Amino acid sequence: MGIGPSTKETTLHHFRDPLVDELCDDTDIDFTGVIVAGIPQDNVNKYFTGDRIGAWAEAMRVKGAIVSEDSWGNSNVDFAHAIEEIGKRDIAVVGISFVGVQGAFVVTNQYMNNIVDINKSAEGVETNVVGENNLVRSDAKKAKAILKLKMRSVER
């Protein structure tokens with residue numbers, strides 16, 4: 001399964017990313033930055049990438065992270081492993097992904113307990129409408145609110 005038209009983001013979306021905007025606009029958050037990681041083909045490199053993401057977050061001494069993916073299926077391996085590597089370092093973590101009616105990930109772990117579903121179609125499926133099922137400001141607000149709650153619980 002690959003990424004379809006409704007989960008593809010336009011160039012303008014990347015220049016005005018709702019998640020980045022939401023995090024930058026919040027004075028309670030010290031927004032550190034964005035890690036962009038590709039999706040390797042083989043599992044050795046998939047796990048290496050997730051390991052590096054976790055180590056990078058730890059080295060930056062962040063208290064929380066939001067991991068998003070713009071695909072599903074085999075990409076869930078990368079998504080889940082990055083979340084796990086961040087979470088096992090006692091960093092609060094929230095995921096953002098298209099879930100829809102599939103309702104489950106290819107792989108999961110104990111740190112995937114807060115995933116924001118970016119599905120917008122009533123049927124919960126991929127559609128042919130460009131940008132219909134991608135991250136919007138309300139998804140970003142929800143992920144940020146969950147992350148703030150998780151960061152408070154990790155501090156205690």
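Some values worked out for this structure:
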read-out: One residue from ASN133, ASN109 being farther than 22 Å from HIS14 by Cβ and among the polar types (S, T, N, Q); value: ASN109
read-out: Residue check for ALA80: among the small types (Gly, Ala, Ser) and within 12 Å of the chain's Cα centre (by Cα); value: yes
read-out: Yes/no for ALA82 being on the phi < 0 side of the Ramachandran plot and in contact (Cβ under 8 Å) with a residue 40 or more places away in the chain; value: yes
read-out: Residue count for region 99-140, restricted to those that are touching an Asp or Glu at 6+ places or on another chain (Cβ under 6 Å) and among the polar types (S, T, N, Q); value: 2
read-out: Pair list, Cβ < 6 Å and 6+ apart or interchain, from region 131-148 residues that are more than 12 Å from VAL116 (Cβ to Cβ) and charged (D, E, K, R) to residues that are at pLDDT below 95 and outside any helix (DSSP H, G or I); value: GLU132/LYS120
read-out: Any hit, region 23-39, residues being closer than 19 Å to ARG152 by Cβ and within 14 Å of the chain's Cα centre (by Cα); value: yes
read-out: GLY4, sole failed condition from (1) modelled with pLDDT of 95 or more; (2) more than 23 Å from ILE91 (Cα to Cα); (3) not β-branched (Val, Ile, Thr); value: (1)
read-out: Count of residues meeting criterion [out of contact with any Leu (no Cβ under 6 Å at 6 or more places or on another chain) and either among the polar types (S, T, N, Q) or under 19 Å from ILE96 (Cα atoms) (or both)] in region 27-46; value: 13
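The values are calculated or read from the model by the stated rules, or taken from the named source; none is laboratory data. Note that the structure is predicted; figures quoted are calculated from it, not measured. Counting neighbours? That spans all protein chains shown, and the Cβs are built from the backbone with ideal geometry, glycine included.
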